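Asks: For reference, the structure I am asking about is given below.
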């Protein structure tokens, strides 16, 4: 599931408690439920011997994982965005116990958004308010048709809201992207920006809002006349919402792009009501930031080597640590960094001992020394997750997990207990 964390999903069970159908879910959400009972699902702890995986007991896998982390000088605990908040909390305790670095997938997606919000704040709201009030919606560097399939139908474009009873007939959709996406095809206005020039286009919008004259026929590949036209629409909105994705966070400028976008929203609030919100990908990546922040004061990339939380993105972020070769062991929880990290980071990850808590066969599992399959949060165990607008949603248990598969939280508590025994 994605950061929309749809709370209206209905799961139908057949004989033997098997999931046979998932209603009200998109392809992303349905596959999450249906893959839980796949024949390819991992069900038994594994350890590598002579280059091949062999089945071991949970107790042995836990002890070896604890030893791996306790013996390391600079262990990395990475992932966390696809599990529930209590597991994340125990993960923080474990990171502190081993003096390691704990980092989430935020580091490779909306880390720049977090940095910008820390610097200049953020005007935001809940998705429910967007549904009920918004008459102008902007998607910048985001393609929800594919990445968040129900976002437009539930919250922004098509639903009928309390103050928008006619649904899409009362809404204007603006898409800003480097290419004409499927989302752009549904937009009333499409602005195609030259790759890497988002900052300049935002700056032009702010200048126009403040009454300055732009002495150029185009900015960032966009005709100045079109920028003026769109700014006029945004300026006259009753309630506007700007949603931005990795097309804004991971292009040239990074957190400065978001800083500028936040400032654009502040400028627009002199004329009408506007908010902005990042389009978070993993279903509980927002919860990771919430949990890490209320325990340590920092949202990601937290280093416990000094005996207290230390935070300095660029120094304590996963990819930077791996590329510099500083990490000598890793615990990967609910994530697949091998599929997403740069090759230089993956090469170092493949050289060090890695333990993975993961229910599915992934490239990260393949390079791991130890693999522990857990019960899946929101399907086989309860928990709490945070939607992209930071609204907590209670996850319910739908089916029983495979025999012997425990929740992430319980596995991490067992590892933590073993670490404390070793550290005595």
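Asks: In region 146-183, which residues are in contact (Cβ under 8 Å) with a residue 24 or more places away in the chain and part of a helix (DSSP H, G or I)?
Replies: Once the filter is applied, which keeps residues that are in contact (Cβ under 8 Å) with a residue 24 or more places away in the chain and part of a helix (DSSP H, G or I), region 146-183 yields 146, 147, 151, 152, 154, 155, 156, 170.
Asks: Go through region 63-78 and give me each residue that's touching a strand residue (DSSP E or B) at 6+ places or on another chain (Cβ under 7 Å) and closer than 28 Å to residue 403 by Cβ.
Replies: 64, 65, 68, 69, 77
Asks: Looking only at region 235-250, how many residues end up being surrounded by fewer than 23 Cβ atoms within 10 Å (Cβ to Cβ) and touching a helix residue (DSSP H, G or I) at 6+ places or on another chain (Cβ under 6 Å)?
Replies: Selection size over region 235-250: 1.
Asks: Oh, and also: Looking at this structure, is residue 139 part of a helix (DSSP H, G or I), in the same structural domain as residue 274 (by TED's automatic domain parsing) and crowded, with 21+ Cβ neighbours inside 10 Å?
Replies: no
Asks: Could you check residue 91 against (1) farther than 26 Å from residue 250 by Cβ; (2) in the same structural domain as residue 362 (by TED's automatic domain parsing) and say which number it fails?
Replies: (1)
Asks: Another one. So is residue 355 more than 27 Å from residue 22 (Cβ to Cβ), surrounded by fewer than 18 Cβ atoms within 10 Å (Cβ to Cβ) and modelled with pLDDT of 95 or more or not?
Replies: Answer is no for this residue.
Asks: Would you check which residues across region 202-229 are under 22 Å from residue 142 (Cα atoms) and part of a strand (DSSP E or B) and list them?
Replies: Listed by number, the residues that qualify are 219, 222, 223.
Asks: If a residue must be buried (at least 22 other Cβ atoms within 10 Å of the Cβ) and either assigned to a strand (DSSP E or B) or within 24 Å of the chain's Cα centre (by Cα) (or both), how many such residues does region 188-201 contain?
Replies: Residues meeting the conditions: 2.
Asks: Condition check: over 25 Å from the mean Cα position of the chain (by Cα), under 25 Å from residue 107 (Cα atoms) and either buried (at least 21 other Cβ atoms within 10 Å of the Cβ) or in contact (Cβ under 8 Å) with a residue 40 or more places away in the chain (or both). Does residue 369 satisfy that?
Replies: Spelling it out, residue 369 is indeed over 25 Å from the mean Cα position of the chain (by Cα), under 25 Å from residue 107 (Cα atoms) and either buried (at least 21 other Cβ atoms within 10 Å of the Cβ) or in contact (Cβ under 8 Å) with a residue 40 or more places away in the chain (or both).
Asks: With modelled with pLDDT under 95 and either farther than 30 Å from residue 93 by Cα or assigned by TED's automatic domain parsing to the domain that holds residue 76 (or both) as the only criterion, which of 251, 288, 317, 296 stands out?
Replies: Of the residues listed, the single one that is modelled with pLDDT under 95 and either farther than 30 Å from residue 93 by Cα or assigned by TED's automatic domain parsing to the domain that holds residue 76 (or both) is 251.
Asks: Still on this structure: How many of the residues making up region 176-187 are over 18 Å from residue 261 (Cα atoms) and buried (at least 19 other Cβ atoms within 10 Å of the Cβ)?
Replies: 4
Asks: In addition: Is there a residue in region 304-313 that is buried (at least 21 other Cβ atoms within 10 Å of the Cβ), closer than 22 Å to residue 106 by Cβ, in the same structural domain as residue 73 (by TED's automatic domain parsing) and at pLDDT 95 or above?
Replies: Yes: one or more hits.
Asks: Are there any strands (runs of 3 or more DSSP E) wholly within region 1-91 with 1 or more residues that are buried (at least 20 other Cβ atoms within 10 Å of the Cβ) and at negative phi, and if so which?
Replies: The qualifying strands (runs of 3 or more DSSP E) are 46-49, 75-79.
The values are calculated or read from the model by the stated rules, or taken from the named source; none is laboratory data. Keep in mind the model is a prediction, meaning the values are calculated, not measured. Note that each Cβ is placed from the backbone with ideal geometry, even for glycine, and that neighbours are counted across all protein chains shown.
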